[in-house]
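The values are calculated or read from the model by the stated rules, or taken from the named source; none is laboratory data. If you're wondering where the values come from, they're calculated on a predicted model, not measured in any experiment. No Cβ is skipped: glycine too gets one built from the backbone with ideal geometry, and neighbour counts run over all protein chains shown.
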Amino acid sequence: MLVKIACFMVGGAAGAVLRFLSVEFAARCFGLAAYRTIFLVNLLGCFALGVFVGSLASPDGTLAAFIARWAPDQPDLPATWLASLIGTGLLGGFTTFSTFALDSLVLARERRRVEFLVDVLGTPALGIALAALGWIVAARGLV
């Protein structure tokens, strides 16, 4: 239990720092507003989570093969430590529903209707599609 909690903490902290750095980088290098970067971060996180879960779920997946070689005597490792570290921790800290909700509220309050609709409708629809695509890519061994 303590190992899982440590994995959540380390992964979550790293993911939150990556999100912060992504927003800063996009603003400085490309002049992107924070809400646009969060939109992209959330979609990238959905795809990455799809790839991660798909690779864990597929016995032929690269990640499953790596774990089988690295820890053949620990078949539950992917479902516990790695899932906690990368899935819930890193990618959970990298993506963010609360920032998405706040950004959407600000867009609505500022009456930026088109951007509001793209954010509110696009994030879940594209997020689900990219998670599915990531899973398919991983299941076919393309990563």
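Given the criteria modelled with pLDDT of 90 or more, out of contact with any strand residue (DSSP E or B) (no Cβ under 8 Å at 6 or more places or on another chain) and either under 22 Å from K4 (Cβ atoms) or surrounded by 15 or more Cβ atoms within 10 Å (Cβ to Cβ) (or both), does A68 qualify? Outline the logic, then answer.
Details: modelled with pLDDT of 90 or more: no; out of contact with any strand residue (DSSP E or B) (no Cβ under 8 Å at 6 or more places or on another chain): yes; either under 22 Å from K4 (Cβ atoms) or surrounded by 15 or more Cβ atoms within 10 Å (Cβ to Cβ) (or both): yes.
So A68 does not fit the description; no.
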Filtered residues of the range 1-38 (kept if outside any helix (DSSP H, G or I) and either hydroxyl-bearing (S, T, Y) or under 19 Å from S104 (Cβ atoms) (or both)): L32, A33
Hits in the range 100-143 (condition: of a type outside the set (D, E), under 19 Å from L32 (Cα atoms) and buried (at least 18 other Cβ atoms within 10 Å of the Cβ)): F100, S104, L107, F116, T123
Cβ-Cβ under 8 Å pairs, at least 6 apart or on other chains, the range 84-110 side without any contact (Cβ under 8 Å) to a residue 24 or more places away in the chain, far side of a type in the set (G, A, S) and crowded, with 21+ Cβ neighbours inside 10 Å: none
